[in-house]
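> Next up is a structure, given as C-alpha cells.
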C-alpha cells in the first residue's frame, strides 16, 4: 500500500524535535508499506515565498515545504494549503492518507478525500484536545477538530484518555488506541548494575515538565546523605538548572545536559536506574516507553494516558506534581534492595511499542478501510 503521512507537527530546520513521534510512526509503517511524508511550515525569516526541502530521511522520501510566514493568519493558511497542493503534485498518489493532529493543517486531508476519493485516518496526540483541557481550548480549534475527525475513516488516538476526549468532542467515527512507537533496537537494556542509584529526566524543559521540582527534590535527598545521581536536561533552557547545581555544590552528583540525539538519549537511559517524568499534563509520552525498552523503572505523575501503559511493578505513579510525593517515591526506590528485572520490563516494551507491533496494528486498520 502507498501511504502518505501528513502532520501538523514534524521535525524541521526550525524545530528539529517537534513531532518526532510522528516521524517514528511513519518509520514503523515503512517497514511494511510504501510511505512518503509531506509537511509544510511557515518561516518568518525567509525571502522566498516557498522553499522545497525534498530528501530521503531514514529511508523515507520526506518533502518539507517552507512558506514565507506573515502576521496575517489568513494569508498564512492560504500559503500553507498552496504548499500542500504543490508538494502533493510532486509525490506518488497514495492509497490512503495518514494524517496527524486535528489542526487546521489537516483540512488538506479532507480536500484530498473530496477531490480524489483518497480515504484518511488521523492519529491524535494533542493535549489541548484532552477532555480535562477542552474548557481552555478555543471553540475554533474544537470545531475544526470535530469537522476533520468526522470526515476521517478512523481515529487512532495514542491513549484511551484521548479516545474518550475525542468522543466527548462529538467525533462519531471508529476509534482504536495505537500508542507511540519505540525503536527497540536502539533502546535496549544495559544489564550491568550501576554503583550509585541514578535518576534521569529528559524533556524540552518547558514549565509544565517541572524539571526545577525534580532538581529540588534530588538536592534535598543529597543533603540528607542519600547516595544518588541525577542526570537532567534536554532541548530547552538549562542555564538556571546549572546555576542551582553549582550554587548547591553538587556538580559531582548532578549532571545537566543540553539537546541529545536519539542514540545519546538511549545511552542516558540505559546507564540510569529510574526515569522521572513530573509533568502537569501528558498524553502517552514516548520517553516512558523508551525507558521501559531500556529496562529501567519510571516515576511519573499519573496524567493523561500514562497509567494505561504502565504495569504496576515497573515504577511508581504519583497523583500530582507535588514535591513531597516525588520525594517519597524516590526514597522508596533508593531504599529498595531488590534488583530490577530489566528483561521483563524490556520484553513488555517490545510487545507493546516496537516498530513491528505498531506497524502491524496500523496495517490492519489500513486494510480494513481499503478492503
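> Would the stretch 142-160 turn up any residue that is in contact (Cβ under 8 Å) with a residue 60 or more places away in the chain, surrounded by fewer than 18 Cβ atoms within 10 Å (Cβ to Cβ) and out of contact with any strand residue (DSSP E or B) (no Cβ under 6 Å at 6 or more places or on another chain)?
yes
> Of all residues in the stretch 328-344, which are crowded, with 18+ Cβ neighbours inside 10 Å and farther than 15 Å from residue 277 by Cβ?
340, 342
> Let me ask something else about it. Could you list, in sequence order, the residues of the stretch 314-326 that are under 23 Å from residue 290 (Cα atoms) and surrounded by 11 or more Cβ atoms within 10 Å (Cβ to Cβ)? Talk me through it step by step, then tell me what you get.
Restricting attention to the stretch 314-326, the residues satisfying the condition of being under 23 Å from residue 290 (Cα atoms) are 314-321, 326.
Within the stretch 314-326, 314, 315, 316, 317, 318, 320, 321, 326 meet the criteria.
> Something else now. Residue 275 is checked against (1) buried (at least 23 other Cβ atoms within 10 Å of the Cβ); (2) in contact (Cβ under 8 Å) with a residue 24 or more places away in the chain; (3) not in a strand (DSSP E or B) and fails just one. What number does that condition carry?
Every listed condition holds for residue 275 apart from (3).
> Across the stretch 95-119, what is the number of residues that are over 24 Å from the mean Cα position of the chain (by Cα) and assigned to a helix (DSSP H, G or I)? Steps first, answer last, please.
As a first pass, look at the stretch 95-119 and keep what is over 24 Å from the mean Cα position of the chain (by Cα): 95, 110-119.
This time we only want the ones that are assigned to a helix (DSSP H, G or I), so: 110-116.
Counting residues in the stretch 95-119 that are over 24 Å from the mean Cα position of the chain (by Cα) and assigned to a helix (DSSP H, G or I) gives 7.
> Take the stretch 247-266 and flag every residue that is within 19 Å of the chain's Cα centre (by Cα) and either crowded, with 22+ Cβ neighbours inside 10 Å or at pLDDT 95 or above (or both).
258, 263, 264, 265, 266 - these are the residues of the stretch 247-266 that are within 19 Å of the chain's Cα centre (by Cα) and either crowded, with 22+ Cβ neighbours inside 10 Å or at pLDDT 95 or above (or both).
> Let me ask you something else. Which residues, taken from the stretch 12-63, are in a loop (DSSP other than H, G, I, E, B), in contact with a strand residue (DSSP E or B) (Cβ under 7 Å, 6 or more places away or on another chain) and at negative phi?
Within the stretch 12-63, the subset in a loop (DSSP other than H, G, I, E, B) is 12-19, 30-33, 44-49, 58-59.
Those still in the list that are in contact with a strand residue (DSSP E or B) (Cβ under 7 Å, 6 or more places away or on another chain) too: 12, 14, 19, 30, 33, 46, 48-49.
12, 14, 30, 33, 46, 48, 49, listed by residue number.
> Here's something else I'd like to know. Could you say which residue among 303, 365 is under 22 Å from residue 154 (Cβ atoms) and either under 24 Å from the mean Cα position of the chain (by Cα) or outside the structural domain of residue 234 (by TED's automatic domain parsing) (or both)?
Numbers: 303 fails: under 22 Å from residue 154 (Cβ atoms).
Matching residue, one of 303, 365: 365.
> Still on this model: Residue 66: assigned by TED's automatic domain parsing to the domain that holds residue 174, part of a helix (DSSP H, G or I) and either without any contact (Cβ under 8 Å) to a residue 60 or more places away in the chain or crowded, with 18+ Cβ neighbours inside 10 Å (or both), yes or no? Let's see the steps before the verdict.
Details: assigned by TED's automatic domain parsing to the domain that holds residue 174: yes; part of a helix (DSSP H, G or I): no; either without any contact (Cβ under 8 Å) to a residue 60 or more places away in the chain or crowded, with 18+ Cβ neighbours inside 10 Å (or both): yes.
It is false that residue 66 is assigned by TED's automatic domain parsing to the domain that holds residue 174, part of a helix (DSSP H, G or I) and either without any contact (Cβ under 8 Å) to a residue 60 or more places away in the chain or crowded, with 18+ Cβ neighbours inside 10 Å (or both).
> Further question: Every residue in the stretch 143-167 that is assigned to a helix (DSSP H, G or I) and either closer than 14 Å to residue 106 by Cβ or not assigned by TED's automatic domain parsing to the domain that holds residue 123 (or both), please.
To start, the set of residues in the stretch 143-167 that are assigned to a helix (DSSP H, G or I) comprises 143-149, 160-167.
143, 144, 145, 146, 147, 148, 149, 166 - these are the residues of the stretch 143-167 that are assigned to a helix (DSSP H, G or I) and either closer than 14 Å to residue 106 by Cβ or not assigned by TED's automatic domain parsing to the domain that holds residue 123 (or both).
> Let me ask you something else. Exactly one of these conditions fails for residue 288: (1) without any contact (Cβ under 8 Å) to a residue 60 or more places away in the chain; (2) surrounded by fewer than 22 Cβ atoms within 10 Å (Cβ to Cβ); (3) under 21 Å from the mean Cα position of the chain (by Cα). Give me its number.
The failed condition is (2).
> Out of 244, 214, 219, report the one residue that is in a helix (DSSP H, G or I) and buried (at least 22 other Cβ atoms within 10 Å of the Cβ).
Of 244, 214, 219, the one residue that is in a helix (DSSP H, G or I) and buried (at least 22 other Cβ atoms within 10 Å of the Cβ) is 214.
> Can you tell me which residues in the stretch 28-49 are farther than 18 Å from residue 98 by Cα and in contact with a helix residue (DSSP H, G or I) (Cβ under 6 Å, 6 or more places away or on another chain)?
42
> Looking only at residues in the stretch 168-185 that are loosely packed, with under 15 Cβ neighbours inside 10 Å and assigned to a loop (DSSP other than H, G, I, E, B), which one is nearest to the chain's Cα centre (by Cα)?
Within the stretch 168-185, the first condition is being loosely packed, with under 15 Cβ neighbours inside 10 Å, and the residues that meet it are 168, 170, 172, 174, 185.
Right, trim to assigned to a loop (DSSP other than H, G, I, E, B) and you get 170, 172, 174, 185.
On the way: 170: 25, 172: 25, 174: 23, 185: 18 Å.
By that ranking, first place goes to 185.
> Hey, residue 266 hits all of (1) in contact (Cβ under 8 Å) with a residue 60 or more places away in the chain; (2) part of a loop (DSSP other than H, G, I, E, B) but one; which does it fall short on?
Failing condition for residue 266: (2).
> Filtering the stretch 36-55 down to residues that are farther than 10 Å from residue 66 by Cβ and touching a residue at least 40 places away in the same chain (Cβ under 8 Å), which residue is surrounded by the most Cβ atoms within 10 Å (Cβ to Cβ)?
38
> Moving to a separate point now. Scan the stretch 109-141 for residues that are at pLDDT below 85 and in contact with a helix residue (DSSP H, G or I) (Cβ under 7 Å, 6 or more places away or on another chain) and report the count.
Looking only at that region, the number is 10.
> Pick out the one residue from 92, 75 that is closer than 19 Å to residue 39 by Cα and part of a loop (DSSP other than H, G, I, E, B).
Checking each option against the conditions leaves just 92.
The values are calculated or read from the model by the stated rules, or taken from the named source; none is laboratory data. Bear in mind that the values here come from a model prediction, so they are computed numbers and not experimental data. Cβ coordinates were reconstructed from backbone atoms using ideal geometry, including for glycine residues, and neighbour counts include every protein chain displayed.
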